[in-house]
Amino acid sequence: MDRQTALLVLQLPESPTPDEVQEAFEAHVFGLRDFLFRQTVIPQVFRAKVDRLLVASEIGETLGVELPCLDGQVPEMVPLTGTADQVVRAHQENVGRLRTAMAATLDPTCLTRLGECLVRMQQQYIQWMSQWSAERQTEAVHARPMRDEWSPQELAEALESERKGLALDEATALRLEEELLRLRTLGAAALAI
């Protein structure tokens, strides 16, 4: 990447001061990290943000700016095994661990590694849940937008109650089916790519 392209991506003038470059670079990377940190994990969307972090690494190299990486290690992940409610809880813990690690850095190379892990973990989770729920009938359920994720705690609680044979109220039962359809739709979209 050449200097002009790097400056253009950061929306800087042709001859910025070192402080302007540092501030613009931090703001650019912070915006990408903030997205990964706060938004619903949709693998296709997150993959694009991770790719933009790779570009940010190139920008940093080209312009000679660095941001701190306190700990570049990917945290240990909990395996996605057990019952559906246990898998939801394990996945929630994994996402929390990755996002906690992201909070400790602004280095785009470290964030790329963590973001890539987050995408892979989400893909594994979606695949597991899609396969587990494949036999469920969802024809009468309205599809929710991919970003409209149900709270993992509520999802796990509903799945646990269902597993234990406890009756779910009508609203919870419907929301459970909508969430499983949302996950299966995400899984089908990933296969189509």
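The values are calculated or read from the model by the stated rules, or taken from the named source; none is laboratory data. In this text the structure is predicted, and so the values were computed from the model without any measurement. All Cβ positions, glycine included, derive from the backbone under ideal geometry; neighbour counts span all protein chains shown. What goes into the accessible areas is simple: the full protein's heavy atoms, side chains included, and nothing from ligands, DNA or RNA. Shrake-Rupley method; radii C 1.70, N 1.55, O 1.52, S 1.80 Å.
Structure values in brief
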{"quantity": "Euclidean distance of C-alpha centroids, region 54-123 and region 137-193, integer Å", "calculated": "25"}
{"quantity": "Rg/Rg_ref, region 64-118, where Rg_ref = 2.2 N^0.38 Å and atoms are Cα", "calculated": "1.31"}
{"quantity": "Separation of the E154 and E61 label points, Cα + 7 Å toward Cβ, nm", "calculated": "4.5"}
{"quantity": "Those Cys residues of the chain for which no other cysteine Cβ falls under 4.7 Å", "calculated": "C117"}
{"quantity": "Per principal axis, descending, Cα span of the chain in whole Å", "calculated": "66, 31, 25"}
{"quantity": "Solvent-accessible ranking of H28, H91, largest area first, probe 1.4 Å", "calculated": "H28, H91"}
{"quantity": "The chain, accessible area per residue, ligands and nucleic acids excluded (1.4 Å, Å²)", "calculated": "54"}
{"quantity": "Carbon plus sulfur fraction of accessible area for region 82-145, probe 1.4 Å, in percent", "calculated": "51"}
{"quantity": "GNM top mover of R38, R113, R89 - the chain, alpha-carbon springs below 10 Å", "calculated": "R38"}
{"quantity": "The chain: relative contact order as a whole-number percent, Cα under 8 Å and 6+ apart", "calculated": "24"}
